[in-house]
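Chemist: My questions all concern the structure below.
The values are calculated or read from the model by the stated rules, or taken from the named source; none is laboratory data. Nothing here was measured: the structure is a model prediction, and the numbers come from that model. Quick reminder, even Gly has a Cβ in these numbers, built from the backbone with ideal geometry, and neighbours come from all protein chains shown. Remember, those area values only see protein heavy atoms, side chains included, never the ligands or the DNA or RNA. Shrake-Rupley method; radii C 1.70, N 1.55, O 1.52, S 1.80 Å.
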Amino acid sequence: MNDLRRTLLWSVFAVSLLMLWDGWLRHTGQPSLFAPAPAASVASGPEGALGASGASAADVPQSAQGLGGASAAAAAQAAGASAPAAAPSEQLVFTTDVVKVTVDTLGASLVRVELLKHQDQDDRSRNVVVLDNSKVHTYLAQSGLVGTASLQLPTHKTPFKLVSTERELAEGAKALVVKLESEAINGVKLVKTYTFPRGGYAIDVKQEVVNGSPAAVSPQLYVQLQRDGTPPKGPSGPAFLQGPVAYTGMAVFNDKGKYQKLEFTKIEEGSTEFVKTDDNGWVAMVQHHFASAWLYNPKLPREFYVQKVSTNLYASGMLLPMGEIAAGQSKALDTVLFVGPQEEDKLNELAPGLDLVKDYGWTHLLAAPLYLLLNFLHDLIGNWGWAIVALVVLLKAAFYWLNAKAYASMAKMKALNPRIQELRERLKDKPQEMQQEMLKIYREEKVNPIGGCLPILIQIPVFIALYSVLSSSVEIRNAPWIGWITDLSVMDPYYVLPALMTLSTLLQTWLNPTPPDPVQAKMMWIMPLLFSVMFFFFPAGLVLYWLTNNILSIAQQWFINKRLGVLN
């Protein structure tokens, strides 16, 4: 039994050291042990070196085989011929109450989206920028038409002109409507109408094809997201906050394949596997706390695609057939472009499965219901910190009797310590007989030597799942609790909560029975100090959870020890 306890202690010790080492690697800018190394940074150079709205003409989708229509060669040829390299480009800025958006007239693509309600965690004077087209970062939302080898149509490389006049959301208006019209390519125009809603991040994008040619056309509409493979910069200091669940990459969702993550490294290797055709679904780019996605909810055949555009630059999108458009006629598809925070309840309303971009990783089974419970408590209380405290109270109440039995077992062990110590001294030269006598005492007193470990073993999965919830939930980002805790998703700036957590853990260790083995006894005091080092780098919300758990555990354990008379 002692061997088992020693193995458990050393296992926890080894895992703790591993986590500390991983935190140090990430703190010094090296790859995490639990995630692949990030792709190389975008090569520096003059802004626009990849084109004002992306890379080369090859970033137009090069496959339409699943839906019929243009071949890969035809799509590439159409893209290359429809966009002169020196096409004029103007950056148009539009502002609502929640976003500041930059649209490039070359392709009418969204090249920058600044979220006005979300501040940078290192510099609160700056807002979070999701889409961007700068010297060091490329992340764009594009759309256009795919024709045939003989019929070139407007793409995201075609010049557009602004038709509407409004640049800001008017007082009292429900939405800001922005309309852009492309140059005619072979008599065909593409008109894009962006509708930016008040208070929302889901942009309605009406894509209208106007056929001014003398013949019917059957184009396909493509909508795509283009991004470099460099993960976003996290908060300063050790990167425990993001952890291995902070996925950065592409995602495709449809009924056939469900939620499919497509990592940039897999695209580099040419080993991506996903369901490429269905009559439903969406494509997205995912990063920590934020995402972008092209959505089209009507049941209509579509093809999903991903491709490497250039060095460390990738594209993912959908091809949607528009059917035949007669000469002199027009046809439109109403798509939705989401660019914003991963607010789970709002994502659910936009499209089936979109809430999955908030990626809990392997902890999803426990993390998802924990978030729902935590969100419910927040709706009642109005403060995320107190909601965490209330969550701990509910969890402790749920496991009250299990903990009570464990603490009673530990109290009995503490009461038996003098007898065990005397036995060890008397039979120290007869280890086999000593072991048999100790087991005999445990049987007579009906004590399980490892019974006190059960509450910890049960709490560890909940702790890890809650870690995923707190680190993945953008709702808790920048959420204050009391006083100096102004953001529960980052470290306590003054380390007050970790210090209190350390003291509470030491007090709890004092209440536990002292192991008869001197090595184990020392380890029982070393472990709290080791865990304390880790908690100094954890999000304040997670430390608050563990501190509250410790306080309630100490109260219950002290009461049981007092009742059994083993406090002294």
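Chemist: Answer yes if at least one residue in the stretch 261-271 is over 28 Å from Y194 (Cβ atoms), among the β-branched types (V, I, T) and either out of contact with any Phe, Trp or Tyr (no Cβ under 8 Å at 6 or more places or on another chain) or at pLDDT below 95 (or both), and no otherwise.
Modeler: Yes, because at least one residue in the stretch 261-271 is over 28 Å from Y194 (Cβ atoms), among the β-branched types (V, I, T) and either out of contact with any Phe, Trp or Tyr (no Cβ under 8 Å at 6 or more places or on another chain) or at pLDDT below 95 (or both).
Chemist: Can you tell me which residue within the stretch 85-108, out of those that are hydrophobic (A, V, I, L, M, F, W, C) and not in a loop (DSSP other than H, G, I, E, B), is most open to solvent (accessible area, probe 1.4 Å)?
Modeler: My answer is V93.
Chemist: Let me ask another. Mind checking whether some residue in the stretch 371-383 is out of contact with any Gly (no Cβ under 9 Å at 6 or more places or on another chain), at pLDDT 80 or above and either of a type in the set (F, W, Y) or more than 30 Å from I485 (Cβ to Cβ) (or both)?
Modeler: Looking for residues that are out of contact with any Gly (no Cβ under 9 Å at 6 or more places or on another chain), at pLDDT 80 or above and either of a type in the set (F, W, Y) or more than 30 Å from I485 (Cβ to Cβ) (or both), one finds at least one in the stretch 371-383, hence yes.
So that you can scan it fast, the table gives a plain yes or no per residue for (1) open to solvent by 10 Å² or more (accessible area, probe 1.4 Å); (2) closer than 30 Å to L116 by Cβ; (3) of a type outside the set (F, W, Y):
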residue: T195; (1), (2), (3): yes, yes, yes
residue: R198; (1), (2), (3): yes, yes, yes
residue: K206; (1), (2), (3): yes, yes, yes
residue: V209; (1), (2), (3): no, no, yes
residue: S213; (1), (2), (3): yes, no, yes
residue: P219; (1), (2), (3): no, no, yes
residue: L225; (1), (2), (3): no, yes, yes
residue: P232; (1), (2), (3): yes, yes, yes
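Chemist: Scan the stretch 461-480 residue by residue and report those that are open to solvent by 40 Å² or more (accessible area, probe 1.4 Å) and at pLDDT 90 or above.
Modeler: Residue satisfying the conditions is P480 alone.
Chemist: Which ones in the stretch 486-511 are part of a loop (DSSP other than H, G, I, E, B), on the phi < 0 side of the Ramachandran plot and open to solvent by 20 Å² or more (accessible area, probe 1.4 Å)?
Modeler: Answer for the stretch 486-511, where residues must be part of a loop (DSSP other than H, G, I, E, B), on the phi < 0 side of the Ramachandran plot and open to solvent by 20 Å² or more (accessible area, probe 1.4 Å): T486, V490, M491, P493, Y494.
Chemist: Could you tell me whether any residue of the stretch 541-556 is modelled with pLDDT under 80 and surrounded by fewer than 19 Cβ atoms within 10 Å (Cβ to Cβ)?
Modeler: Scanning the stretch 541-556 turns up at least one residue that is modelled with pLDDT under 80 and surrounded by fewer than 19 Cβ atoms within 10 Å (Cβ to Cβ).
Chemist: Still on this structure, I have one more. Which of the residues that make up the stretch 328-345 are touching a residue at least 60 places away in the same chain (Cβ under 8 Å), under 20 Å from the mean Cα position of the chain (by Cα) and surrounded by fewer than 18 Cβ atoms within 10 Å (Cβ to Cβ)?
Modeler: E343
Chemist: Considering only residues that are surrounded by fewer than 16 Cβ atoms within 10 Å (Cβ to Cβ) and among the hydrophobic types (A, V, I, L, M, F, W, C), which ones fall in the stretch 358-372?
Modeler: W362, L365, L372
Chemist: Residue by residue through the stretch 466-481, note down the ones that are closer than 20 Å to L552 by Cα and in a helix (DSSP H, G or I).
Modeler: L466, Y467
Chemist: Turning to a different aspect of this structure: Which strands (runs of 3 or more DSSP E) sit wholly inside the stretch 244-323 and have at least 1 residues that are more than 22 Å from G340 (Cα to Cα) and in contact with a Leu (Cβ under 7 Å, 6 or more places away or on another chain)?
Modeler: Strands (runs of 3 or more DSSP E) meeting the threshold: 302-310, 313-321.
Chemist: Among E269, E303, E273, which is the only one that is of a type outside the set (F, W, Y), within 22 Å of the chain's Cα centre (by Cα) and farther than 18 Å from Y139 by Cβ?
Modeler: The match here is E273.
Chemist: Given the structure, is D379 in contact with a Leu (Cβ under 9 Å, 6 or more places away or on another chain) and free of Cβ contacts under 8 Å to residues at least 40 places away in the same chain?
Modeler: Here the answer is no, as D379 does not meet what is asked.
Chemist: So, of the residues in the stretch 308-327 that are over 30 Å from the mean Cα position of the chain (by Cα) and open to solvent by 40 Å² or more (accessible area, probe 1.4 Å), which turns out to be nearest to V111 (Cα to Cα)?
Modeler: Among those that are over 30 Å from the mean Cα position of the chain (by Cα) and open to solvent by 40 Å² or more (accessible area, probe 1.4 Å), it is E324.
Chemist: Which strands (runs of 3 or more DSSP E) sit wholly inside the stretch 109-227 and have at least 3 residues that are farther than 19 Å from A332 by Cβ?
Modeler: 109-119, 127-129, 138-146
Chemist: If I filter the stretch 512-540 down to residues being of a type in the set (S, T, N, Q) and modelled with pLDDT under 70, which single residue comes out as least open to solvent (accessible area, probe 1.4 Å)?
Modeler: Among residues in the stretch 512-540 that are of a type in the set (S, T, N, Q) and modelled with pLDDT under 70, the one least open to solvent (accessible area, probe 1.4 Å) is Q520.
Chemist: Given the criteria closer than 15 Å to L110 by Cα and among the aliphatic types (A, V, I, L, M), does V210 qualify?
Modeler: no
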